[in-house]
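Got a structure here, written out as structure tokens. Questions coming.
The values are calculated or read from the model by the stated rules, or taken from the named source; none is laboratory data. As the structure is a computational prediction, the values presented were derived from the model and not from experiment. Virtual Cβ from ideal backbone geometry, glycine too; neighbours counted across all protein chains shown. To get the accessible areas, we keep the full protein, side chains included, count just its heavy atoms, and leave off ligands, DNA and RNA. Shrake-Rupley method; radii C 1.70, N 1.55, O 1.52, S 1.80 Å.
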Amino acid sequence: FSFGLPVISTDGYSAPELVEDGVRGYVVKNYLSLFDEKFLPWVRTKDEAHQFYNALIHPPQDYIDRLARRIGQLIEEREPRLAMGENAYESVTKGMFSPNRRRECMKEVYTQALL
């Protein structure tokens, strides 16, 4: 974001909230997660770890196609790419990820904690 470039990310963890599909980049549906539906790690044995790493090494074709489509869009569609890059840069200089906003949030946290 700080270089004014849009980001392509998967939908894991907080990435969708950070990127906002079509705002500061694109979010692609992931095919694999380390966590189950209760947000607990499902990899607990050596066999499960081997299964997980094997899946990482060999992503399904539809996942590769989704990534390639989004990469192609950023390459070919100049206006959306520039707009997403501007949004990304603004978010870290003046917006919700800026140092000023971070200080405001921290001040609020400490103020609430001391009440």
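What about Val92, is it over 29 Å from Gly4 (Cα atoms), surrounded by 14 or more Cβ atoms within 10 Å (Cβ to Cβ) and either at pLDDT 95 or above or among the aliphatic types (A, V, I, L, M) (or both)?
Spelling it out, it is not the case that Val92 is over 29 Å from Gly4 (Cα atoms), surrounded by 14 or more Cβ atoms within 10 Å (Cβ to Cβ) and either at pLDDT 95 or above or among the aliphatic types (A, V, I, L, M) (or both).
With Glu20, Glu37 as the choices, which residue is on the phi > 0 side of the Ramachandran plot and acidic (Asp, Glu)?
Glu20
Scan the range 70-86 for residues that are surrounded by fewer than 14 Cβ atoms within 10 Å (Cβ to Cβ) and farther than 15 Å from Val28 by Cβ and report the count.
7
Additional query: Spot the failing condition for Gln51; the list is (1) within 22 Å of Pro6 (Cα to Cα); (2) surrounded by 11 or more Cβ atoms within 10 Å (Cβ to Cβ); (3) of a type outside the set (Phe, Trp, Tyr); (4) free of Cβ contacts under 8 Å to residues at least 40 places away in the same chain, and only one is missed.
For Gln51, the exception is condition (1).
Another question about this same structure. Return the only residue of Leu67, Leu18, Leu5, Leu56 being among the hydrophobic types (A, V, I, L, M, F, W, C), in a loop (DSSP other than H, G, I, E, B) and open to solvent by 40 Å² or more (accessible area, probe 1.4 Å).
Leu5
Same structure again: Being loosely packed, with under 13 Cβ neighbours inside 10 Å and hydrophobic (A, V, I, L, M, F, W, C) is the filter; apply it to the range 95-115 and report the residue that is modelled with the lowest pLDDT.
Leu115
Okay, moving on. Counting just the residues of the range 21-36 that are in a strand (DSSP E or B) and modelled with pLDDT of 95 or more, which one comes out surrounded by the most Cβ atoms within 10 Å (Cβ to Cβ)?
The extreme case among them is Gly25.
Now, a different point. Which members of the range 70-92 meet the condition of being over 14 Å from Asp21 (Cα atoms) and free of Cβ contacts under 8 Å to residues at least 24 places away in the same chain?
Gly72, Ile75, Glu76, Glu77, Arg78, Glu79, Leu82, Glu90
Of the conditions (1) part of a loop (DSSP other than H, G, I, E, B); (2) more than 25 Å from Ile8 (Cβ to Cβ); (3) hydrophobic (A, V, I, L, M, F, W, C), Met96 fails just one. Which one is it?
Met96 satisfies all of (1) part of a loop (DSSP other than H, G, I, E, B); (2) more than 25 Å from Ile8 (Cβ to Cβ); (3) hydrophobic (A, V, I, L, M, F, W, C) except (2).
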